1. Output the residue which, of all residues in segment 97-109 that are over 14 Å from Leu37 (Cβ atoms) and not aliphatic (A, V, I, L, M), is surrounded by the fewest Cβ atoms within 10 Å (Cβ to Cβ).
2. Do we find that Tyr110 is modelled with pLDDT under 90 and hydroxyl-bearing (Ser, Thr, Tyr) in this structure?
3. I'd like to check something: does segment 125-147 contain any residue that is basic (Lys, Arg), surrounded by 13 or more Cβ atoms within 10 Å (Cβ to Cβ), in contact with a Phe, Trp or Tyr (Cβ under 7 Å, 6 or more places away or on another chain) and modelled with pLDDT of 90 or more?
4. Output the residues belonging to segment 27-76 that are farther than 20 Å from Val105 by Cβ, modelled with pLDDT under 90 and basic (Lys, Arg).
5. Since Ile90 meets every condition but one in (1) out of contact with any His (no Cβ under 7 Å at 6 or more places or on another chain); (2) surrounded by 11 or more Cβ atoms within 10 Å (Cβ to Cβ); (3) among the β-branched types (Val, Ile, Thr), which condition does it not meet?
6. Filter segment 34-87 down to the residues that are of a type in the set (S, T, N, Q) and surrounded by fewer than 17 Cβ atoms within 10 Å (Cβ to Cβ), then identify the one that is farthest from Ser14 (Cα to Cα).
7. Which condition number in (1) within 18 Å of the chain's Cα centre (by Cα); (2) modelled with pLDDT under 85; (3) assigned to a loop (DSSP other than H, G, I, E, B) is the one that Tyr15 fails?
Amino acid sequence: MSGIKIISKNKRASYDYFLEDSFEAGLVLRGTEVKSLRGGKCTMGEAYCSIDERHEVWVHQLKIPPYEFGTYANHDETRKRKLLLNQLEISQIEKSLATKGQTLVPTKIYFKGSKVKIEIALAKGKKLYDKRDATAKKDIERKLRQGKFE
């Protein structure tokens, strides 16, 4: 079995959302995008997913910088990219998105063997007080680990 090499994680997603179900999807990429990802370059901070009328899942605002040794065939940095999921998963996601407050966010992009995979999660938005609770818990855990709790 081939290993997994994580390229980028969306830390902002777990801060802004309660992550529920997650799905692994393939990603339709161009050659220069894969070469740029092999260099470990990717930003997921503002990325989001959508489903169009043809029942295809797309990821938007996933920033893969242009390959530095690329030529005229280099890719657009923030173009929308198609995700590869089976029809059962797409219908399950569509049913969940029909629920109020649900959204689809990418959480992680990684190599699984030689293939580029992306993990997407169904998420529900956090309120401001939920975010404050999460940061307070992280602070307490950090102090406990360091032995600096009073």
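The values are calculated or read from the model by the stated rules, or taken from the named source; none is laboratory data. What you see is a predicted model, and the numbers here were worked out from it, not measured in a lab. Glycine gets a Cβ as well: all are built from the backbone with ideal geometry, and neighbour counts include every protein chain shown.
1. Start the filter on segment 97-109 by keeping residues that are over 14 Å from Leu37 (Cβ atoms), which leaves 97-105, 107.
Narrowing the set further to residues that are not aliphatic (A, V, I, L, M) leaves 99-103, 107.
Working: Thr99: 9, Lys100: 6, Gly101: 10, Gln102: 17, Thr103: 17, Thr107: 22.
Applying the filter and picking the extreme gives Lys100.
2. Values: modelled with pLDDT under 90: no; hydroxyl-bearing (Ser, Thr, Tyr): yes.
It is false that Tyr110 is modelled with pLDDT under 90 and hydroxyl-bearing (Ser, Thr, Tyr).
3. Step one: filter segment 125-147 for residues basic (Lys, Arg), giving 126-127, 131-132, 137-138, 142-143, 145.
In the following step, the residues that additionally are surrounded by 13 or more Cβ atoms within 10 Å (Cβ to Cβ) were identified as 126.
Restricting the remaining residues to those that are in contact with a Phe, Trp or Tyr (Cβ under 7 Å, 6 or more places away or on another chain) gives 126.
In the following step, the residues that additionally are modelled with pLDDT of 90 or more were identified as none.
Within segment 125-147 (the criterion being basic (Lys, Arg), surrounded by 13 or more Cβ atoms within 10 Å (Cβ to Cβ), in contact with a Phe, Trp or Tyr (Cβ under 7 Å, 6 or more places away or on another chain) and modelled with pLDDT of 90 or more), the answer is no, since none of the residues qualifies.
4. Scanning segment 27-76 gives Arg30, Lys35, Arg38, Lys41.
5. (1)
6. We begin by selecting, within segment 34-87, every residue of a type in the set (S, T, N, Q); these are 36, 43, 50, 61, 71, 74, 78, 86-87.
Next, from what is left, pick out any that are surrounded by fewer than 17 Cβ atoms within 10 Å (Cβ to Cβ): 43, 50, 61, 71, 78, 86-87.
On the way: Thr43: 15, Ser50: 18, Gln61: 18, Thr71: 37, Thr78: 22, Asn86: 25, Gln87: 27 Å.
Filtering segment 34-87 for residues that are of a type in the set (S, T, N, Q) and surrounded by fewer than 17 Cβ atoms within 10 Å (Cβ to Cβ), the one farthest from Ser14 (Cα to Cα) comes out as Thr71.
7. It fails just one condition, (3).
For every residue, the table says whether it meets (1) more than 18 Å from the chain's Cα centre (by Cα); (2) more than 23 Å from Gly39 (Cβ to Cβ).
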position: Ile64; (1), (2): no, no
position: Asn74; (1), (2): yes, no
position: Arg81; (1), (2): no, no
position: Gln87; (1), (2): yes, yes
position: Ile90; (1), (2): no, yes
position: Lys95; (1), (2): yes, yes
position: Phe111; (1), (2): no, no
